[in-house]
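The values are calculated or read from the model by the stated rules, or taken from the named source; none is laboratory data. Since this is a predicted model, take the numbers as computed values, not measurements. All Cβ positions, even for glycine, are placed from backbone atoms using ideal geometry, and neighbour counts span all protein chains on display.
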Amino acid sequence: MLNQISTFITDQLGPMGPLLVIGALGFIMIILTLPILMKKQEDPLDKLRAQQTKQRKENDATEKLRTATSKDKLEKYSTFLEPQDEQEYSAVKLKLLQAGYKSRNAVRFFHFFQFALGILGLILGGIYAVVKMSQGDVTTQNLLMMTMGPGVAGYMLPKYWVTRRQASRQLAIENGFPDSLDMMLVCVEAGQSLDQSILRVSNELRSGFPELAEEFLIVSHEMKAGKSKENVLRDMAERCGVNDITSFTTVLIQSQQFGTSIGDALRVYASEMRDKRVMKAEEAANKLPTKMTLATMMLTVPPLLLILIGPSIYNISQNLGGSGL
């Protein structure tokens, strides 16, 4: 089917016909998209919110100290760059939070980079396709792959980057969490409150585990601002996305609700985290021989066979050659 279409286009428009058709389709898509990007119908509710925001800024003297930043340049494209579904928007925002991007416009910038890199990939793919067509005949399938492949790769690159950042950040938090529990237990047993212990732990962990220290610092600031401990701890568990942090916040919330000692709860949970870390180290050590088996076989068995059987095979070949067989 594709070959027939390619042959028909080539007969009608010449050797550059498929590329011209793809370029025309891309141009039409850009023309259709530009009015949506450039013209945004103003919602009456948005207009009312803008008036209320303007009035609050005029009444509040501190708002005058704020200056416009480069983030405001994408405000008029927010409808296009941000998901309109609340669940989808919340999922993307949570993923960016767990990756360490806490900016208010993080979702908008994430989709902007996806769109920009996708367009850039299409342009580079089109240039590469033109170069290849000038050097020789290119099939329609290869032409589509050369044109669309870089665009798809550019569109998926921000998502891949965020996923890797999320995984590395969660691993760093998980590695530093047992030590933070031990330090928090020492602070609580020394007579400090939970708020003071969290602040002290955040200061001590800043050099070794900056991700976990940042989360504890946010918890400390939110508690000082008057937010309830239960909501603060649940928000921390949601931002981290680590099962150990979720269990830890559940222990502290239940300890506060039932009136039990926080020191006893921390002592038991810290002991469990130490045992869990030891078990993880033993698990990694037990996996090592299995992982080394294949490498050992590939690097040891062929040279050994060559040393043991090689001379015999050589002598047999020489004898067969000398006997005329």
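Some notes on this structure:
- Single residue of T290, T250, T260, T246 found to be more than 22 Å from D179 (Cα to Cα), surrounded by 11 or more Cβ atoms within 10 Å (Cβ to Cβ) and free of Cβ contacts under 8 Å to residues at least 60 places away in the same chain: T260
- Of all residues in the range 242-287, those that are of a type outside the set (A, V, I, L, M, F, W, C) and either in contact with a Pro (Cβ under 8 Å, 6 or more places away or on another chain) or not in a helix (DSSP H, G or I) (or both) total 6.
- Unique match (being more than 13 Å from the chain's Cα centre (by Cα), outside the structural domain of E238 (by TED's automatic domain parsing), within 18 Å of L20 (Cα to Cα) and surrounded by 13 or more Cβ atoms within 10 Å (Cβ to Cβ)) among A129, A116: A129
- Conditions (1) farther than 29 Å from L94 by Cβ; (2) assigned to a loop (DSSP other than H, G, I, E, B); (3) assigned by TED's automatic domain parsing to the domain that holds D264: number failed by R206: (1)
- Test: residue in the range 251-274 that is out of contact with any Asp or Glu (no Cβ under 9 Å at 6 or more places or on another chain), among the charged types (D, E, K, R) and in the same structural domain as N175 (by TED's automatic domain parsing): yes
- Residue pairs whose Cβ atoms lie under 6 Å apart, sitting 6 or more positions apart in sequence or on different chains, and linking a residue in the range 91-105 that is under 16 Å from I173 (Cα atoms) to a partner that is among the hydrophobic types (A, V, I, L, M, F, W, C), are L96/A106; A99/V162.
- Each residue in the range 85-99 was checked for being modelled with pLDDT under 85 and charged (D, E, K, R), and 3 of them qualify.
- Filter result (acidic (D, E) and more than 15 Å from E174 (Cα to Cα)) within the range 274-298: E282, E283
- Note on the range 143-198: residues that are buried (at least 20 other Cβ atoms within 10 Å of the Cβ), more than 28 Å from S271 (Cβ to Cβ) and of a type in the set (G, A, S) amount to 2.
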